[in-house]
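Student: My questions will all concern the structure given below.
The values are calculated or read from the model by the stated rules, or taken from the named source; none is laboratory data. In this text, all values refer to a predicted model and were calculated from it rather than measured experimentally. Cβ: placed from backbone, ideal geometry, glycine included. Neighbour counts: every protein chain shown.
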Amino acid sequence: MYFDVITLFPDMFNAIKNEGIVARAIKKSYLSIHTWQLRDFSSNKYKNIDDKPYGGGGGMVMQVKPIRDCIHKIKQANPKTKVIYLSPQGQPLKHKLAKELSMLDSITLLCGRYEGVDERIIEHDIDMEISIGDYVISGGELAAMVLIDTVSRQIPSVLGNAESLNDSFANNLLDYPHYTRPEVIDNQAVPEVLLSGHQANIDTWRAEQSIKKTQEKRKDLLKN
Ligand code: 58G
């Protein structure tokens, strides 16, 4: 799968390119992340890509032309890429959407800064607007990295055996609790059933715990 990322801060993506599961998948050529410096598509000598908003008010708005030219360039190599803008106005990113996106060959992510992009980009150049949650962050980069991480881990080859896909949200539930050695620490013991060796009982206990935790912490999930 190919990710192209349009950003003013390409170095931020080193966080996922250099370390962890996404980094390993890139090394194994299951994934690629290519960043595009939006300033390279500026047409003035100061490399500006933003301007004052029509109608006044504070802040700056990202201009149409540099973004449109950059998307055009990306589409020369990848005509079928799905262009996604990360914003609080987008469709909420959930497990189901991540799974659907993981079937694609190519995704282009547009990362906004300042007050966001000129609305004409959203109307004309964007296939989909996605939100990672109901809050504003100062740039789309962190949202893009969240999307890359969760979409990538839905690609079967990306997760190794050790991390094998045990995604609780696949069935709309929270995960069951996990324990490792030692059996007792500071008077806290591991639940007896996990030491029993009886796999059917363990599976039942874990399923019960998942439901109980979801009831306690996220009743809203059980409605689905
Ligand atoms: C309002 C404020 C609209 C994604 C900022 C657009 C991006 C939150 C999310 C913006 C983001 C999310 C400028 C900075 C987009 C632009 C970016 N904030 N919830 N901020 O997924």
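Student: Only one residue in I67, I71 is under 19 Å from F13 (Cβ atoms), buried (at least 20 other Cβ atoms within 10 Å of the Cβ) and away from the ligand (no atom under 14 Å from the Cβ), so which one is that?
Tutor: Within the list I67, I71, the selection yields I71.
Student: Out of all the residues in the stretch 78-113, which are touching a Lys or Arg at 6+ places or on another chain (Cβ under 9 Å), assigned to a strand (DSSP E or B) and not hydroxyl-bearing (S, T, Y)?
Tutor: V83, I107 - these are the residues of the stretch 78-113 that are touching a Lys or Arg at 6+ places or on another chain (Cβ under 9 Å), assigned to a strand (DSSP E or B) and not hydroxyl-bearing (S, T, Y).
Student: Another question, then. Quick check: is even one residue across the stretch 101-108 within 9 Å of the ligand (Cβ to nearest atom) and either polar (S, T, N, Q) or modelled with pLDDT of 95 or more (or both)?
Tutor: For the stretch 101-108, residues within 9 Å of the ligand (Cβ to nearest atom) and either polar (S, T, N, Q) or modelled with pLDDT of 95 or more (or both): absent.
Student: Go through the stretch 104-126 and give me each residue that's farther than 20 Å from L142 by Cα, surrounded by fewer than 15 Cβ atoms within 10 Å (Cβ to Cβ) and of a type in the set (D, E).
Tutor: If the condition is that a residue be farther than 20 Å from L142 by Cα, surrounded by fewer than 15 Cβ atoms within 10 Å (Cβ to Cβ) and of a type in the set (D, E), then D105, E119, E123 are the ones that fit.
Student: Hey, another quick one. Looking at this structure, is D134 within 16 Å of the ligand (Cβ to nearest atom), in contact with a helix residue (DSSP H, G or I) (Cβ under 7 Å, 6 or more places away or on another chain), in contact (Cβ under 8 Å) with a residue 40 or more places away in the chain and within 25 Å of S102 (Cα to Cα)?
Tutor: Considered against the rule, which asks whether it is within 16 Å of the ligand (Cβ to nearest atom), in contact with a helix residue (DSSP H, G or I) (Cβ under 7 Å, 6 or more places away or on another chain), in contact (Cβ under 8 Å) with a residue 40 or more places away in the chain and within 25 Å of S102 (Cα to Cα), D134 comes out as no.
Student: Still on this model: Quick check on the stretch 33-56: of everything there that is in contact with an Asp or Glu (Cβ under 7 Å, 6 or more places away or on another chain) and not in a helix (DSSP H, G or I), which residue is surrounded by the most Cβ atoms within 10 Å (Cβ to Cβ)?
Tutor: Applying the filter and picking the extreme gives W36.
Student: Answer yes if at least one residue in the stretch 197-212 is loosely packed, with under 15 Cβ neighbours inside 10 Å and at positive phi, and no otherwise.
Tutor: There is at least one residue in the stretch 197-212 that is loosely packed, with under 15 Cβ neighbours inside 10 Å and at positive phi.
Student: Still on this structure, I have one more. Checking the structure you have, find out if any residue of the stretch 158-179 is within 12 Å of the ligand (Cβ to nearest atom) and more than 17 Å from I107 (Cβ to Cβ).
Tutor: Taking the stretch 158-179 first, the residues within 12 Å of the ligand (Cβ to nearest atom) are none.
Taking every residue of the stretch 158-179 in turn, none turns out to be within 12 Å of the ligand (Cβ to nearest atom) and more than 17 Å from I107 (Cβ to Cβ).
Student: Step by step: first the residues of the stretch 110-131, then only those that are near the ligand (Cβ under 8 Å from one of its atoms) and of a type in the set (A, V, I, L, M), then the one that is farthest from L86 (Cα to Cα). Which residue is that?
Tutor: Start the filter on the stretch 110-131 by keeping residues that are near the ligand (Cβ under 8 Å from one of its atoms), which leaves 111-117, 130-131.
So of that shortlist, the ones also of a type in the set (A, V, I, L, M) come out as 117, 130.
Working: V117: 11, I130: 5 Å.
Here the residue is V117.
Student: Restricting to the stretch 177-224, name every residue that is among the hydroxyl-bearing types (S, T, Y) and either outside any loop (DSSP other than H, G, I, E, B) or under 18 Å from N166 (Cα atoms) (or both).
Tutor: Those that are among the hydroxyl-bearing types (S, T, Y) and either outside any loop (DSSP other than H, G, I, E, B) or under 18 Å from N166 (Cα atoms) (or both): Y179, T180, T204, S210, T214.
Student: Which residue pairs have Cβ atoms closer than 6 Å, lie 6 or more positions apart in sequence or on different chains, and pair a first residue in the stretch 96-117 that is small (G, A, S) with a second residue that is within 13 Å of the ligand (Cβ to nearest atom)?
Tutor: Listed pairs, sorted by first residue: A98/T150; G112/G140.
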